[in-house]
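The values are calculated or read from the model by the stated rules, or taken from the named source; none is laboratory data. This structure is a prediction, so every number in the text was calculated from the model and none was measured. All Cβ positions, glycine included, derive from the backbone under ideal geometry; neighbour counts span all protein chains shown.
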Amino acid sequence: MSPVAPQPLWREVEAGGCMVDGQFIPEGFNVGAGIYSLHHNSVPFPDPYKWDIERWIINPAKKEEEEKDRLKEMSRNFAPFSVGPRQCIAKNFAMMELLLTMANVFVRLEFEGVGTLGEGRKGMGVGREKEGEFQFKSYFTSSMEGPMIRFKVREI
Ligand code: HEM
């Protein structure tokens, strides 16, 4: 619901162009799919803004084969680490860290949500008014000011 890298991961189309979803994209154009958008596609993820962890579990009241297909389709559309040769190089490491951290939290701690800090609310502006949705800004890399450097062509 809140992917670490939510923005499109731009890729430049190589010589000869390429097809994306039936659309020809010429060489030199940049294309990218935003992971936030991918994860909020209501086809594989009905009611995509709802925190519904059970959507990842087979519903015993439904046909098992259909449930398996549904889960497969969700997994195909779930790509927080991106996919392909430039996907996150540390995916396995990060998953292990997450697993250990969450396992420790569940075993050692009791926890509950307190207040609505970080949630969207009316008056926050376009795209920021969904109550219950954790709001975040996308920064792919460090944010900084300076240093300032003046360059001058060397007289050789
Ligand atoms: C939950 C944790 C993480 C998520 C969701 C995540 C997600 C991503 C994504 C989406 C990319 C692809 C960027 C692109 O295609 O342009 C990426 C690349 C990368 N990530 Fe992660 N990452 C995580 C943790 C980490 C950690 C812990 C490290 C290092 C210790 C790391 C190192 C890298 C590196 C070096 C790349 C660039 C790989 C390349 O360009 O070939 N990531 N990550």
Next on the checklist: Among the residues of region 2-20, are any closer than 26 Å to GLY118 by Cβ, surrounded by 15 or more Cβ atoms within 10 Å (Cβ to Cβ) and away from the ligand (no atom under 16 Å from the Cβ)?
Outcome noted: no
Next on the checklist: Cβ contacts < 8 Å: first residue in contact (Cβ under 8 Å) with a residue 24 or more places away in the chain, restricted to region 115-135; second residue of a type in the set (S, T, N, Q) and in a loop (DSSP other than H, G, I, E, B), any location; separation 6+ or different chain. Result?
Outcome noted: PHE134/SER2
Item to check | Of all residues making up region 89-122, the number that are more than 16 Å from the ligand (Cβ to nearest atom), within 25 Å of ILE58 (Cβ to Cβ) and of a type outside the set (A, V, I, L, M, F, W, C) | outcome: 0
Checklist entry - within 22 Å of PHE136 (Cβ to Cβ) and of a type in the set (Phe, Trp, Tyr): does that describe PHE106? => result no
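When the residues of region 20-41 are narrowed to those that are over 15 Å from the mean Cα position of the chain (by Cα) and polar (S, T, N, Q), which ends up nearest to GLU66 (Cα to Cα)?
Ranking the candidates gives GLN23 first.
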Checklist entry - Can you name the number of the only condition in (1) part of a loop (DSSP other than H, G, I, E, B); (2) over 20 Å from MET1 (Cα atoms); (3) under 19 Å from the mean Cα position of the chain (by Cα) that PRO80 fails? => result (2)
Checklist entry - Hey, does region 68-88 have a residue that's of a type in the set (Phe, Trp, Tyr), near the ligand (Cβ under 10 Å from one of its atoms) and either over 17 Å from LEU9 (Cα atoms) or not assigned by TED's automatic domain parsing to the domain that holds PRO44 (or both)? => result no
Checklist entry - Any residue at all in region 97-120 that is of a type in the set (A, V, I, L, M), part of a loop (DSSP other than H, G, I, E, B) and surrounded by 11 or more Cβ atoms within 10 Å (Cβ to Cβ)? => result no
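Anything in region 1-56 that is assigned to a strand (DSSP E or B) and over 24 Å from GLU129 (Cβ atoms)? List them, or say none.
Within region 1-56, ARG11, GLU12, CYS18, MET19, VAL20, GLN23, PHE24, ILE25, ASN30, VAL31 qualify.
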